[in-house]
1. Just the residues that are more than 20 Å from Pro127 (Cα to Cα) and open to solvent by less than 20 Å² (accessible area, probe 1.4 Å), please, taken from the stretch 244-281.
2. Does Leu333 qualify as being surrounded by fewer than 19 Cβ atoms within 10 Å (Cβ to Cβ) and under 30 Å from Pro25 (Cβ atoms)?
3. Go through the stretch 366-400 and give me each residue that's under 16 Å from Met96 (Cα atoms) and open to solvent by less than 10 Å² (accessible area, probe 1.4 Å).
4. With the checklist (1) surrounded by fewer than 21 Cβ atoms within 10 Å (Cβ to Cβ); (2) modelled with pLDDT of 95 or more in hand, flag the one item Ser342 doesn't pass.
5. Go through the residues of the stretch 253-262 one by one and say whether even a single one is more than 18 Å from the chain's Cα centre (by Cα) and in a loop (DSSP other than H, G, I, E, B).
6. Has the stretch 345-362 got any residue that is touching a helix residue (DSSP H, G or I) at 6+ places or on another chain (Cβ under 6 Å), modelled with pLDDT of 95 or more and of a type in the set (Ser, Thr, Tyr)?
7. Filtering the stretch 203-225 down to residues that are within 25 Å of the chain's Cα centre (by Cα) and either open to solvent by 60 Å² or more (accessible area, probe 1.4 Å) or small (Gly, Ala, Ser) (or both), which residue is farthest from Trp171 (Cα to Cα)?
Amino acid sequence: MTFSLGVVGAGQFGSQFAHLFNLHPGVSAVYVADELPERAAEAVARYGLAGVKDSFDALLASDVDAVAIFTQRWTHGPLVEQALRAGKHVYSAVPMAVSEEEIAAIIQAVRDTGLVYMMGETSYYNPATVYARKQLADGKFGRIFYAEGDYVHDMDLGFYEAYQYSGGERWKETASYPPMLYPTHAVGGVLGAVPAHAVTVSCVGVRDDRNDGVFDKDVSMFGNDFSNATALFELNDGGVMRTNEMRRVGYPSHIRESRFRFFGTEASFEQLAKVSVWQDKQNVHDVSEQMETRPSIPLDDPSLANVAPELRDAFVSGLAPVHDPGRLPEEFLGAPNGHEGSHHFLVDDFVTAVNNGTLPPVNAWLAARFTLPGIVAHQSALQNGERLPIRDFGDAPGTGT
């Protein structure tokens, strides 16, 4: 079986994903819609796609079977619901949404329509998460009682250029996006391995002092001046999860911008920028090689011309030894990958779910567990770290996840 798909947003990641969807043997045709028609036309010409659609509404009115949404991060919720209600399967970039109400609306739309929804969380396929998930399944951790997930991406290392590219003249209004409203690269890597969900949170936000108009309440469309935030979550299984979202940090963000640590009763796993170790009660084992990704394309590839040099690693990192390349279509060999080798798996899992009528790994219910904790954490930070409850929407129908 095959299906047709329309990509909404032909920016830096949207174009690359359009290329991967077009390569997949389970997709018959890929169209593109963008507010800047020249971007859509460029992607169509570069990758040999099926054509351009004039707008999001035109895409929904067409006979495409699915849409992949790569618009600004605070716009996803309403667009996803609209697409589902229009009868389209939906792949959405992160985050799922920016409010509990938007998340609830998406889940209800999935229930009502029976269509496939998948959130494209890269950390679910991060080598560290893949490794921890397998070690836990094999019983080697014992009980994981504490885990950490960090998303450490300094504004100076490519984010200014990225926001200027996507935000135009008023980019500073959007560059102040609250860190905890983009929580999935930290939360998703932990809860992608540990089968639990957050039930309460206390969060502290660090107010920015750069004074360059970014993270300035008077400029921000979000009224936000937090550039960094740290949250401590209680999990439903009695364990603890801590996450960091950092945008002002002395760290080489192009190297392992998402990092994870898992502590169990029998063994532990810790990941730093270039070293990863498995620790049991007898010894420390260097497992760094299993986490090491290999470049999928050169950093100077023409397709990356519009990407800041500091961000290009996120577009080219290929598979690590811990990944299973055998499950991917052979058409992906030599194709661009990114975010620690996750892009190929993201595309394949969505295509497989649509063609087989199955739930994708990061379905609406799991996406809610990756997203809502950050939304509530931001509210906690605004309330001086008050401990707040986190709603859970339950497991996906017919599953325990």
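1. Within the stretch 244-281, just Arg247 meets the criteria.
2. Details: surrounded by fewer than 19 Cβ atoms within 10 Å (Cβ to Cβ): yes; under 30 Å from Pro25 (Cβ atoms): yes.
Yes; evaluated as a whole, the condition is true for this residue.
3. Those that are under 16 Å from Met96 (Cα atoms) and open to solvent by less than 10 Å² (accessible area, probe 1.4 Å): Ala367, Ala368, Phe370, Thr371, Leu372, Pro373, Gly374, Ala377, Ala396.
4. Ser342 satisfies every listed condition except (1).
5. Taking every residue of the stretch 253-262 in turn, none turns out to be more than 18 Å from the chain's Cα centre (by Cα) and in a loop (DSSP other than H, G, I, E, B).
6. no
7. Result: Val204.
Here is a yes/no grid of residues against (1) small (Gly, Ala, Ser); (2) under 23 Å from Thr122 (Cβ atoms):
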residue	(1), (2)
Met180	no, yes
Gly189	yes, yes
Val199	no, no
Val204	no, no
Asp212	no, no
Lys217	no, no
Asn224	no, no
Ser227	yes, yes
Arg242	no, yes
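The values are calculated or read from the model by the stated rules, or taken from the named source; none is laboratory data. Everything numeric in this text was worked out from a predicted model, so none of it was measured. As a convention, Cβ positions derive from the backbone with ideal geometry for all residues, glycine included, and neighbour counts pool all protein chains shown. Accessible surface is based on the protein model in full, side chains and every heavy atom, while ligands, DNA and RNA are left aside. Shrake-Rupley method; radii C 1.70, N 1.55, O 1.52, S 1.80 Å.
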